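Enquirer: Below you'll find the structure I mean.
The values are calculated or read from the model by the stated rules, or taken from the named source; none is laboratory data. Predicted model only: the values in this text are computed from it and were never measured. When we count neighbours, we look across all protein chains shown, and the Cβ atoms used for this are built from the backbone with ideal geometry, even at glycine. The protein model used for the area step is the full one, side chains on, heavy atoms only, and it has no ligands, DNA or RNA in it. Shrake-Rupley method; radii C 1.70, N 1.55, O 1.52, S 1.80 Å.
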Amino acid sequence: LHNLTDKSVADFKIPLPLSPLGPSLIAYSSPDGKFLALSARTRGGVWNLATGERVLLSRRFTSAVFAADDTLYVQFPKDGKQDHAITHLSLNPVGSSPVPYKEDDSLFLSAGLLQEWKPGAKKAGELIVHNVADNSILWRRTFNGGEPARTNNLLPGQTILSFPFKTDFAKDRLKSTPALADRASAIKNKDTGRLIQVLDNANGNVLHELVLEVPLTYEGVRGINVVGDNLYLSSDDNRTMVYALSTGAQLRQLFGYVIALDPSSSRICMVNRRDEAVVYDPEGRQIASFHTGSPLRFAAFQNNGTHLILLTADQKVRTMDISAPVAH
């Protein structure tokens, strides 16, 4: 604090209380693990994870994606006189520039995809995916019955679609694919049956397709993640069901929900209690557990699954070494 009228009065500082990071926080890490972009209720920013230095401060954003050169594309929502906008941010040196194309209200950025949904004939919905750098069309796909329920895999670059058996898309797909139809026939309660497709965001190709039976406590499409040979489905009663990607058979149940995946080791990190991070291998063996003393808000694996970054509500980032599995 400075006294503007009497310069003889010494400046002084007042410590402010730490504001906890809320559960609505959104977070994105750069592919090389150098930077972490965070956005809360009113403000967003980017931090250097090696030094802890904040390299950029902005108004809040609703989605973001790092480019290969560690620049960042963010989507800012409409705020007062400021319109919705997608902006290209550079971190070294810090700067911002608008994207080099006209932004249509039908375009939105989500999990690295610049998406556009258009209504089609006979209640169909068409998904058009654009390159966020130049707005060129990467791929497009039509879904009979309209827009499917969808979520983003915690592994970057994959979108997961979920179709209840009663949807037009699931009915047509099961009719045309005998192997899927056979698995679906084994599910007695059809209301719990789902057709799942995992898409490659780069080209729209179907990476995995399976039929599974979800628990009665599960609704919607959130909480589905895929890594290695397993699909993880987290329900609202603090349980995660593990399914085999090849067959859709349920393998086991775990307590908590999935917060991070590692593609190289197929390890997962789960939140059980609010401040407990538990790491499992693909076979469901627990290999590490960490109590942070503050609710977990974000986690990410590094170095082929041997290290785990944890961000907690007390604004601390911790790097945990899990290179040596615990003995069983």
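Enquirer: On the full set of protein chains, 1.4 Å probe, figure out the accessible area of S289 and give it in Å² to the nearest 10.
Expert: Surface open to solvent at S289 totals about 50 Å².
Enquirer: Could you tell me which of the pairs K34/K316; K81/K118; K81/K102 are separated by over 24 angstrom between their Cα atoms in the structure shown?
Expert: K81/K118
Enquirer: Can you give the FRET efficiency for V94 and F255, using 1/(1 + (r/R0)^6), R0 = 41 Å, r = Cβ-Cβ distance, to the nearest 0.05?
Expert: The formula returns an efficiency of 0.45 here.
Enquirer: Let me ask you something else. Using a simple spin-label model with points 7 Å from Cα along the Cα→Cβ vector, what separation in nm is obtained for R59 and D83?
Expert: 1.4 nm
Enquirer: Sort F35, F61 by heavy-atom solvent-accessible area, probe 1.4 angstrom, most to least.
Expert: Putting F35, F61 in descending order of accessible area: F35, F61.
Enquirer: What's the local net charge at G120, with K and R +1, D and E -1, over the other residues with C-beta under 12 Å away?
Expert: +3
Enquirer: If the only charges are +1 at each Lys and Arg Cβ and -1 at each Asp and Glu Cβ, what is the size of the charge dipole of the chain around the Cα centre, to the nearest 20 debye?
Expert: 640 debye
Enquirer: Also: Please go through the range 200-248 and write out the GluC sites (Glu not before Pro) that DSSP classes as loop and that have at most 15 other C-beta atoms within 10 Å.
Expert: Within the range 200-248, the qualifying GluC sites (Glu not before Pro) (loop, at most 15 other Cβ atoms within 10 Å) are E219.
Enquirer: Obtain the nm distance between the two label points defined at A202 and S323 by a simple spin-label model: each point lies 7 Å from its Cα along the Cα-to-C-beta direction.
Expert: 2.9 nm
Enquirer: In whole Hz and in residue order, list the ³J(HN,Hα) couplings for the range 71-81 that follow from phi through the Karplus curve 6.51 cos²θ - 1.76 cosθ + 1.60, θ = phi - 60°; x for Gly and Pro.
Expert: So the Karplus estimates, Gly and Pro as x, are 7, 9, 9, 10, 10, 9, x, 5, 9, x, 8 Hz.
Enquirer: Could you calculate the FRET efficiency of D172 with S136 from 1/(1 + (r/R0)^6), where r is the beta carbon distance between them and R0 is 35 Å, rounded to 0.05?
Expert: The formula returns an efficiency of 0.70 here.
Enquirer: With every protein chain present, what accessible area does D182 have (1.4 Å probe, heavy atoms only), rounded to the nearest 10 Å²?
Expert: Answer for D182: close to 100 Å² accessible.
Enquirer: Also: Karplus couplings for the range 263-276 from phi (6.51 cos²θ - 1.76 cosθ + 1.60, θ = phi - 60°), rounded to Hz, Gly and Pro as x?
Expert: x, 6, 9, 6, 6, 10, 10, 10, 9, 9, 6, 4, 10, 10
Enquirer: Under 14 Å from a label point 7 Å along Cα→Cβ of R222: give me every residue in the range 15-45 with its amide N that close.
Expert: 23-27
Enquirer: How much FRET efficiency would the formula 1/(1 + (r/R0)^6) give for T51 and D314, where r is the Cβ-Cβ distance and R0 is 25 Å, rounded to 0.05?
Expert: 0.85
Enquirer: Please work out how much length the chain gains when fully extended from K102 to R273, using 0.36 nm per residue of separation minus the C-alpha to C-alpha distance, in nm with one decimal.
Expert: Separation in residues times 0.36 nm, less the Cα-Cα distance, equals 57.0 nm.
Enquirer: How would M320, M241 rank on accessible area, largest to smallest, probe 1.4 Å?
Expert: M320, M241
Enquirer: If you take the square roots of the eigenvalues of the alpha-carbon gyration tensor of the range 112-154 and sort them as a ≥ b ≥ c, do you get rounded (a/c under 1.5), prolate (a/b over b/c) or oblate?
Expert: It comes out oblate by the Cα gyration axes.
Enquirer: Report the Cα-based extents of the chain along its three principal axes, largest first, to the nearest Å.
Expert: 85, 56, 32
Enquirer: Please report the net charge: other residues with Cβ closer than 14 Å to the Cβ of T142, K and R +1, D and E -1.
Expert: +1
Enquirer: Now for a different question. Can you list residues whose amide H is under 5 Å from V132's amide H, if they're 5+ apart or on another chain and H is modeled 1.01 Å from N?
Expert: L114
Enquirer: Moving to a separate point now. Near K123, which lysines are there with a Cα under 27 Å away, not counting those fewer than 8 places off in the same chain?
Expert: Cross-link targets: K166, K171, K175, K190.
Enquirer: While we're here: With a 1.4 Å probe and all protein chains in place, put D236, D79 in order of accessible area, largest first.
Expert: Putting D236, D79 in descending order of accessible area: D236, D79.
Enquirer: Ok, one more. At 0.36 nm per residue, and after removing the present C-alpha to C-alpha distance, how many nm does the segment from T192 to N303 gain when stretched out fully?
Expert: Contour length minus the Cα-Cα distance gives 36.2 nm.
Enquirer: Around V99, with a cut-off of 14 angstrom between Cβ atoms, what is the net charge of the other residues, counting Lys and Arg +1 and Asp and Glu -1?
Expert: -3
Enquirer: Please list, in order along the range 41-49, the HN-Hα scalar couplings obtained from phi with the Karplus expression 6.51 cos²θ - 1.76 cosθ + 1.60 (θ = phi - 60°), rounded to whole Hz, x for Gly and Pro.
Expert: 5, 10, 10, x, x, 10, 10, 7, 6
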